[in-house]
Every structure is written in C-alpha cells, then in structure tokens.
Amino acid sequence: MVRIDAHLHVFAKSSSLFPRTSTDLAPSDREESIEKFLGFMQENTIDQAMLVQLGGPQIAEHAYLQQCLKTYPDRFLGIGLIPPNCPDPKAHMDRLAEGGGIVGFRLGTLGGPRDPFAPIDVRTFESYPIWQHAAERDYVLWLYIRAADAHLTAYLVEAFPQVRVVFNHLGICPGEGKFRVDEYGRPRIETPSYNPSLHTVYRLARYENVTVLLSGQYAFSKQAYPYEDLMGWHRTLYNDFGADRLMWASDAPWVYEEPGYGQMTQLINQLMPQISESERAAIMGGTAQRFLRFPQRCSLP
Amino acid sequence: MIPETVGPTPEQKAQWELEGYIVLENALRGAQLQRLQAAFDKAVVECKEDWLARVARGETMPTCFDIPQPLERDEIFVDIVDHPSWFGLLQDFTDGETLFLGPQVRSVPVWPVSYTGWHADVPMSNPLHIKVQIYVEDVDEKSGEFAFVPGSHRAGSGPYKRPKMGESMPGHRRLPGKAGTAIVFNSYGWHTAMDNTTTTSRKSIILIYERRTPEKVHPDTFKAIAPLCTTPERRALFGLEV
C-alpha cells in the first residue's frame, strides 16, 4: 500500500548554483535538503512525495527543485511557481514542466473582482490564461488562495472541469495580515474558529476535479498536537469530499522540530479515528497516487 | 408595544405540526415593505466596505453578507420581530414563551454553488427553535430560494444525508416567493438555500426565535434597543428581564 506525502518543501542554501529568494521562513543560509527528507521517509515508510517550490517563482530559482526531481524521478513530483504579472505564463509553465517532474503550479491569487456582488466574467481574471493552459496541458493547479479571492475559485473550477485542482492546507484561504512566523520557525495563520472556508472551498465538493490536502494543522490550530480543535473541520471535509478526494501531507520542513515528522505521519489516525482502513490508505497515499499520477514503485522495505 | 396578533388558523396549525413550515404571502406589504427595503439597502451601502475588508482579512465568508447590529440601525428591524403577521403564530407554537435570539439581515450574492448545504439548525433535544425567513425582494425559483423537507422536523423522520446537489434531497420543497413573503419554519427540520443560477442576488431577513428557557435569556444582548421595548411583552420577547 503506497504512502505519499502530498505537500512539502525542500531547499538549498542560496548560491549561484541554487539561487533563491530569502524569506523570514527560509533565510538564505538555511538548508532543508532532499537527503534529510529521504531520511524521514525511510524512518516512516513514506514512499513518494510532492515537492512544492519555495524560494521564488523565477525559472532559475527552481534549480534545486529540478535537481531533486531529476535525481529521484520515481520518488518525487513537483509543483512550480509563476511570477506575479508574468508576461507569458504559458511559456513559463511549459519551460518548467519540460524536463518532467513538475506537474503543476501553485497559485495564491486569481485576479478577479474583489466584490462578490460584482458581475463575473472569468475570461477577465488575471489567472484565466493559467487555467486555460493547465486545461490544455493537463497541469495540476495547487491552490493556497488568499481570502479576498476565495469566492472566485468556484467560477474557475466550473469553467475548467478538466483541470485537477488541489486546495492546500485544509482548504483555508489566509486573510490579509494574518500571517506570522511562530516560535518554531513555522508559518502561523490566524484563522477564526468558525472557518469561512465552510462556505467557499468546502462547498466545491460537488466538483469531481477538486481535492483537498489534510495538512498545515499546526498553522491554524489553537491547541498543541494532535490539534483536536480541528477534528470538526476534518470530519466536514471527510463527509463532503470523501477519502478519495483527500490527501495527507506533512508540510515539511516546518514540522521537523515541532511536532516532528513522525508525529505528522500519525495525525490522521488521531484526527479521523472513525474512518476505515481502506479510507485511511486512500488518504495516506492512494488518492495522491491516482489523482496526481505518481509513478508506480514498490514500497520501501 | 406588541400589536394585536392572531394565532394560526386550524389549517396552519395542522400544517405546522405535519410539515414543519408555513408560508405567509404578503406578510409585509405596502409602505411597511417599502420602508424595510429602503432600510435594508441603506444598511448594505453603509456596511459593505467594512464587510469587504473583513472578507479580505479572512474573518468572514464572502458568500453571504450579514448587516452587523441591524436592530440598532433602523427601528423597522425591531418592529418586524413582533410583527402581527407571524408573531401570533410563534406565541401559539411556544405556548406564549417566545424568546428572540437574533436577526440575520442577509444578502447572498450570485455564486455557482449555494453558500450552504442541507442541514438542520439544532438537534431535537434543543428547546423548540423557530426561524422566520422574510423575502425583502422577489425570490424566484432558482435564485437562492429557501427549501425545506416537509416532515423532517418530526422525531423519527430521516435519517437524512447531505447531497452535494441541492435538488437531490428526496422530498424537498422549493419555496420561492414575492417580496414580503415570510416563511415560518421549525429549525429541527432540514432546509437549505437552493443554487442561484440567475443574475440577481438574494435579499432576505432571517429572524431566530426559541421557546424561552432561563439559560438563553441574556439581558445585555439587546440592551441597546431597550428604549424601544416599552411593554412587558416586548421586554420579555427580547429577554431584557430574567
């Protein structure tokens, strides 16, 4: 039974070989290598994983990600980034994907009307060419959409039923000014207990091309591991989407120190005790293998 | 003061018990309806920018817009709480123990999916919980109209699943209506807003009531409108006295 970590980040120290943007989360001298992650995979019987670009959207800034994908082609797939105001997003997407390995792109904004009462024409959205090209080339779209754009997703999902969509981190859409780095160097997103995504992202369950990552709990929970205050969100996602459209992910490296990678691999057992073994297998890897089309490989011994 | 009210007709009482809802056409009309519409639109204009900012901060949902503290904005929002078109029914159903819990003065934008799915508001162990949904403008079929599963409020009904498509709920009834229509429903029952496939947003007001129990009476909740509550009946309705 395959086990797949459907969302994590690796990055090298910033260098001429691996240039990248420095951030509070990933300063230029920090390194979270693929070898370190492979060690955690081995320890926790994780077979494959989705590496999500961190460190900037420019082509050159993807160098470390691309090296990892080239070195371990049966282990990892990748998600790239697109610069804001990219003059030719289609060419950018194709250039990143041409070596194989990068199968999709992460978006944080959609570029449509801020007012939910405004008339909507998806063809005017800034992200429309990206969606159109994803539909043409079968790229996955990896959505961690800001709250101001949360109402726009339904229009695009409906317009492009052939695009595979993955909502990141429990489908939460982070609000302006709600991000900070916590004492463990992890992202922290202040989120209301009554989750607004219940009435946006979670309402998209009727669209078969939409899936959700069960990840990032540490960033939203008001409690320590195992984040029991989020059991209700997990139950709702399970009821609405079902195990065949939910994927577990660790969001490494932010979890290495607290609560620890091994703990993250146990989190679904803690938060979703009601599910069957086959559903657990789907969430822990089966759904990702099918939906993201990971190459077949044997489980680690 | 609370205007003179009348209780349900025998037919209404039978429908309430059997089906769990009653539609009151023309419950509001004429100048009073126009006054409500004007107050509603004025509040929307006053509050919209703040709502958009809260949406952007991730503090509230973008798929429905509730006016904050509406009772403090215009007296019409207080006057409809004990409106004679439905208050007599509420008093009958609660044996004269109606307690007002709160209003939702709600605009629902057009969206490809309804902002909410099929649900019941409270378990049947809760004291009787009643809502009155008032259409402020015409709500046609397929424009986000309220829908209810008749009989789903009764013990032993169901079990009910939550279909992804609103129209897939077995036995449901869509309840479109003209401006001024009020729908009184038992919140034990399963209900939703249907998808809105038109180009017109839905404007409605949802008034929430319950059979009075001591633990639900909080005199501070509506103290801002205490000057408008000059009769014992209204003070009891708004829970201004324990």
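The values are calculated or read from the model by the stated rules, or taken from the named source; none is laboratory data. Everything numeric here is computed off the predicted structure, so don't read it as measured data. Note that each Cβ is placed from the backbone with ideal geometry, even for glycine, and that neighbours are counted across all protein chains shown.
Inspection of the stretch A:126-146 finds no residue satisfying the criterion of being surrounded by fewer than 20 Cβ atoms within 10 Å (Cβ to Cβ), of a type in the set (A, V, I, L, M, F, W, C) and within 10 Å of chain B (Cβ to nearest Cβ). Name the residues in the stretch B:77-112 that are within 27 Å of B:THR9 (Cα to Cα), more than 15 Å from the chain's Cα centre (by Cα) and of a type outside the set (Ser, Thr, Tyr), would you? Listed by number, the residues that qualify are B:PRO84, B:GLY88, B:GLN91, B:ASP92, B:PHE93, B:ASP95, B:GLY96, B:GLU97. For the stretch B:143-161, a residue qualifies if it is under 20 Å from B:TYR115 (Cβ atoms) and either at pLDDT 95 or above or buried (at least 20 other Cβ atoms within 10 Å of the Cβ) (or both), and the qualifying residues are B:SER143, B:GLY144, B:GLU145, B:PHE146, B:ALA147, B:PHE148, B:VAL149. Checked across the stretch A:229-252, the condition of being surrounded by 22 or more Cβ atoms within 10 Å (Cβ to Cβ), in a loop (DSSP other than H, G, I, E, B) and within 13 Å of chain B (Cβ to nearest Cβ) holds for no residue.
All of A:ALA148, A:ALA159, A:ALA154 fail the test of being of a type in the set (A, V, I, L, M, F, W, C) and either more than 21 Å from B:ASP195 (Cβ to Cβ) or without any contact (Cβ under 8 Å) to a residue 24 or more places away in the chain (or both), apart from A:ALA148. Among the residues of the stretch A:52-69, is there at least one that is under 28 Å from A:ASP244 (Cβ atoms), touching a His at 6+ places or on another chain (Cβ under 8 Å) and not in a loop (DSSP other than H, G, I, E, B)? Yes, the stretch A:52-69 contains a residue that is under 28 Å from A:ASP244 (Cβ atoms), touching a His at 6+ places or on another chain (Cβ under 8 Å) and not in a loop (DSSP other than H, G, I, E, B). Hey, any hits in the stretch A:167-174 for a residue that's crowded, with 23+ Cβ neighbours inside 10 Å, under 29 Å from B:ALA53 (Cα atoms), of a type in the set (Gly, Ala, Ser) and under 15 Å from the mean Cα position of the chain (by Cα)? Yes, the stretch A:167-174 contains a residue that is crowded, with 23+ Cβ neighbours inside 10 Å, under 29 Å from B:ALA53 (Cα atoms), of a type in the set (Gly, Ala, Ser) and under 15 Å from the mean Cα position of the chain (by Cα).
Residues that are at positive phi, of a type in the set (Gly, Ala, Ser) and surrounded by fewer than 23 Cβ atoms within 10 Å (Cβ to Cβ) within the stretch A:43-75 comprise just one, A:GLY56.
Kindly indicate whether any position in the stretch B:38-57 is within 14 Å of another protein chain (Cβ to nearest Cβ) and among the small types (Gly, Ala, Ser). So far as the stretch B:38-57 goes, yes, one or more of its residues are within 14 Å of another protein chain (Cβ to nearest Cβ) and among the small types (Gly, Ala, Ser). Applying the set (1) closer than 24 Å to A:ARG245 by Cα; (2) within 14 Å of another protein chain (Cβ to nearest Cβ) to A:PRO119 leaves exactly one unmet item: (1). With respect to the conditions (1) surrounded by fewer than 22 Cβ atoms within 10 Å (Cβ to Cβ); (2) touching a helix residue (DSSP H, G or I) at 6+ places or on another chain (Cβ under 9 Å), A:GLU257 lacks only one, and its number is (2).
For the stretch A:187-203, a tally of residues being closer than 25 Å to A:THR287 by Cβ and assigned to a loop (DSSP other than H, G, I, E, B) returns 3.
Exactly one residue out of A:THR153, A:THR200, A:THR191, A:THR109 is within 12 Å of chain B (Cβ to nearest Cβ) and touching a His at 6+ places or on another chain (Cβ under 8 Å), and it is A:THR200.
Among residues of the stretch B:60-73 that are facing another protein chain (nearest Cβ under 7 Å) and in contact (Cβ under 8 Å) with a residue 60 or more places away in the chain, none has a Cβ under 9 angstrom from a residue that is surrounded by 18 or more Cβ atoms within 10 Å (Cβ to Cβ) and in a loop (DSSP other than H, G, I, E, B) at a sequence gap of 6+ or on a separate chain. Listed by first and then second residue, the pairs linking a residue in the stretch A:26-42 that is over 14 Å from A:ARG3 (Cα atoms) to a residue that is assigned to a helix (DSSP H, G or I) and modelled with pLDDT of 95 or more, with Cβ atoms under 8 Å apart and 6 or more places separating them unless they lie on different chains, are A:ILE34/A:CYS68; A:ILE34/A:THR71.
On the basis of being buried (at least 22 other Cβ atoms within 10 Å of the Cβ), part of a strand (DSSP E or B) and under 17 Å from the mean Cα position of the chain (by Cα), does A:LEU213 make the cut? Yes, satisfied.
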